[in-house]
Amino acid sequence: MDAFEPAIECLVCADCRAGLFAHEGFQAAWTSQKMFDGYAYSALRQSIEEAADVGCNWCGLVRQAVRRHSGARNATVIDVKVTFRASVKAMEKPRGLWLIINNRPMSRFSIHTTSDNVAAGFIDYRTLIRDVASTRSFELAKQCLRHCALHHERCLKPERSKLPTRLIDCLDPSNPKIYVGNGMVKDYYATLSYVWGEKQLGSTTSNIHDHVVNGLDTQVLPQTIKDAITTTNSLGLRYLWVDAFCILQDSAADKDRELTQMGPIYERAYVTIIASNASKVSQGFLAERPEPITDVRLPFRCPDGQIGIMTLSRGGEYFDPNEPINKRAWCLQELNLSARALIYASPTLQYHCQTHTVNIGSSIRLERHAIMPILPTPPASPDEIRMLGRTRYLAGLWEHNILSDLLWSTRSRQPRPAKYRAPSWSWAAVDGTSGIPLSLLYCGSNELPECEILEVDVTPASEMMPFGAVRSGILKLNGVLVTDVNWDPDSNPPSLFIGEVRVARVDPDSTDETSAPVCVVPLRVNRKEKHSRGKISGP
């Protein structure tokens, strides 16, 4: 069976069909054992360009690699080598293809095919599932959940748990209702992790009686909530927890009470549904995914002589920082607390647990596939951290490590919030990403002692939420106070000066800071390198 079918023949040019994609050439690449083994050939760069221009998919890939190779861009003759077994064990089926130009590895592709293709018997991975709302997709998701429960030793086993105060009853997706529990019923339930991105219509407030009796108004329900209800029902679950509909949005007392339970709610859930690709609640997450524009289809010469089709994908890691969900701290916490999660990512549907992260349906993935560090159990909540460390949580800082925690700085200057949010010594008082260290005060041979904490405390806005908003805070220190220091936050870098001498870099917390005399309080001393790190205080 050496003849190409028309649908396969058109994928590559005649030279490629007679070379790499002939049976002998392809098997040399397929059975190669090392990086620089495989099938090798040389071609004129002009011939590669011309073949790519008229639609040869393989020559198109080679042309891209040549253009990235600084030593090959102007070469007349290009040396090409192809291997499938660059980094996998010899006994395993190849999972990727390496393209080597002039003895330099240039591109690494993952290979996959559809389940009905003759190449499926030789390629493990399948094409990404894009119809994430199909019956098949939901069945594959349920298979992942069942397999995890039965075979993953490091994953917590799902069990019927005491239901949260309120849930959405998804028994009839066309008429979902609010279920109010009595604290005695135990059952499986799902949770939703998503980005609000806008005001939600139809959320639960004091109108809860109408939501319990008559159900939620599906005409105004945001699409993400509708999709979550559909997903819950399709997974064979009845109940779904969603913050906007299971917490009374017009009751501060109810918010305080229910938000303190979010840790246990996500930890005990059978599965968390993560709307990873949705930037706002009206967007939804079940729409069919677009076909990746970077995928390339090529002939696949099976060892038994048949000719199928393989797809090459550059692919990315499972964790995509550009996904809307990955830009929200609340959502990160919800993922960390969840024992199992279905991640509706932009390319496809993924299953995540404490053992691994996989695309459903054995679809293509890279070898580096952890979305987060794998833990033996769901990560600890702030309450559990506090109990383990016997320490207090102070507006984003921990008492046992307070001197180091105080050494934060912002990486992007933004205006200081108009409304009080936290004491000025907490990173929570300003907007932007924070990190350590703050400043470096060069002390020469004059070593400064470490500062001593005399008193530190915060007053929570609600006694029920010690890890939430605060009304006030106090910090009293005993240490060396360096005075008569001038600070110029607009210099490059922002610097402290004693007279005309620059003595330290100090990054401002916000765009509101101006040049002024300040006092310096060293907090930590490096006696070996003779420098200190600390805070500054304005007049």
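Checking Ile309, Ile343, Ile265 one by one, the residue that is open to solvent by less than 50 Å² (accessible area, probe 1.4 Å) and within 11 Å of Tyr194 (Cα to Cα) is Ile343 and no other. Among the residues making up segment 487-514, those that are over 39 Å from the mean Cα position of the chain (by Cα) and either within 11 Å of Ser537 (Cα to Cα) or not in a strand (DSSP E or B) (or both) are Gly499, Glu500. Being open to solvent by 50 Å² or more (accessible area, probe 1.4 Å) and either within 28 Å of Glu323 (Cα to Cα) or among the hydroxyl-bearing types (Ser, Thr, Tyr) (or both) is a description that applies to Trp196.
Within segment 20-37, the set of residues being at pLDDT 90 or above and of a type in the set (Gly, Ala, Ser) comprises Ala22, Gly25, Ala28, Ala29. The set of residues in segment 176-193 being among the polar types (S, T, N, Q) and surrounded by 12 or more Cβ atoms within 10 Å (Cβ to Cβ) consists of Thr191, Ser193. Residues of segment 218-236 that are open to solvent by 20 Å² or more (accessible area, probe 1.4 Å) and on the phi < 0 side of the Ramachandran plot: Thr218, Gln219, Val220, Gln223, Lys226, Thr230, Asn233, Ser234. Return the only residue of Arg421, Arg413 being basic (Lys, Arg), under 38 Å from the mean Cα position of the chain (by Cα), in a loop (DSSP other than H, G, I, E, B) and modelled with pLDDT under 80. Among Arg421, Arg413, only Arg413 is basic (Lys, Arg), under 38 Å from the mean Cα position of the chain (by Cα), in a loop (DSSP other than H, G, I, E, B) and modelled with pLDDT under 80. Comparison of Pro321, Pro303, Pro299, Pro290 shows that the only residue that is within 26 Å of Ala29 (Cβ to Cβ) and either loosely packed, with under 15 Cβ neighbours inside 10 Å or acidic (Asp, Glu) (or both) is Pro303. From the list Ser279, Ser234, Ser206, Ser251, the lone residue that is touching a helix residue (DSSP H, G or I) at 6+ places or on another chain (Cβ under 6 Å) and at pLDDT below 95 is Ser279. The single residue among Lys177, Lys162 that is on the phi < 0 side of the Ramachandran plot, over 28 Å from the mean Cα position of the chain (by Cα) and in contact (Cβ under 8 Å) with a residue 60 or more places away in the chain turns out to be Lys162. Would segment 186-203 turn up any residue that is polar (S, T, N, Q), more than 32 Å from the chain's Cα centre (by Cα) and modelled with pLDDT under 95? No, because not a single residue in segment 186-203 is polar (S, T, N, Q), more than 32 Å from the chain's Cα centre (by Cα) and modelled with pLDDT under 95. Is segment 148-171 home to any residue that is within 20 Å of Gln261 (Cβ to Cβ), open to solvent by less than 50 Å² (accessible area, probe 1.4 Å) and among the acidic types (Asp, Glu)? There is at least one residue in segment 148-171 that is within 20 Å of Gln261 (Cβ to Cβ), open to solvent by less than 50 Å² (accessible area, probe 1.4 Å) and among the acidic types (Asp, Glu). Looking at this structure, is Ile101 under 30 Å from Arg45 (Cβ atoms), out of contact with any Phe, Trp or Tyr (no Cβ under 9 Å at 6 or more places or on another chain) and surrounded by 20 or more Cβ atoms within 10 Å (Cβ to Cβ)? Yes, satisfied.
Residues in segment 10-20 that are under 14 Å from Gly60 (Cβ atoms) and under 42 Å from the mean Cα position of the chain (by Cα) were compared, and the one that is most open to solvent (accessible area, probe 1.4 Å) is Cys10. Quick check, is Ser110 part of a loop (DSSP other than H, G, I, E, B), touching a strand residue (DSSP E or B) at 6+ places or on another chain (Cβ under 6 Å) and either under 23 Å from Gln64 (Cα atoms) or open to solvent by 50 Å² or more (accessible area, probe 1.4 Å) (or both)? The answer is no for Ser110.
Looking only at segment 10-24, which residues are free of Cβ contacts under 8 Å to residues at least 60 places away in the same chain and outside any loop (DSSP other than H, G, I, E, B)?
Within segment 10-24, Ala14, Asp15, Cys16, Ala18, Glu24 qualify.
The values are calculated or read from the model by the stated rules, or taken from the named source; none is laboratory data. Only a predicted model underlies this, so the values are computations on that prediction, with no experimental measurement involved. Because the Cβ atoms are built from the backbone with ideal geometry, glycine has one as well, and the counts that use them run over all protein chains shown. Ligands, DNA and RNA are excluded from the accessible area calculation, which covers all protein heavy atoms including side chains. Shrake-Rupley method; radii C 1.70, N 1.55, O 1.52, S 1.80 Å.
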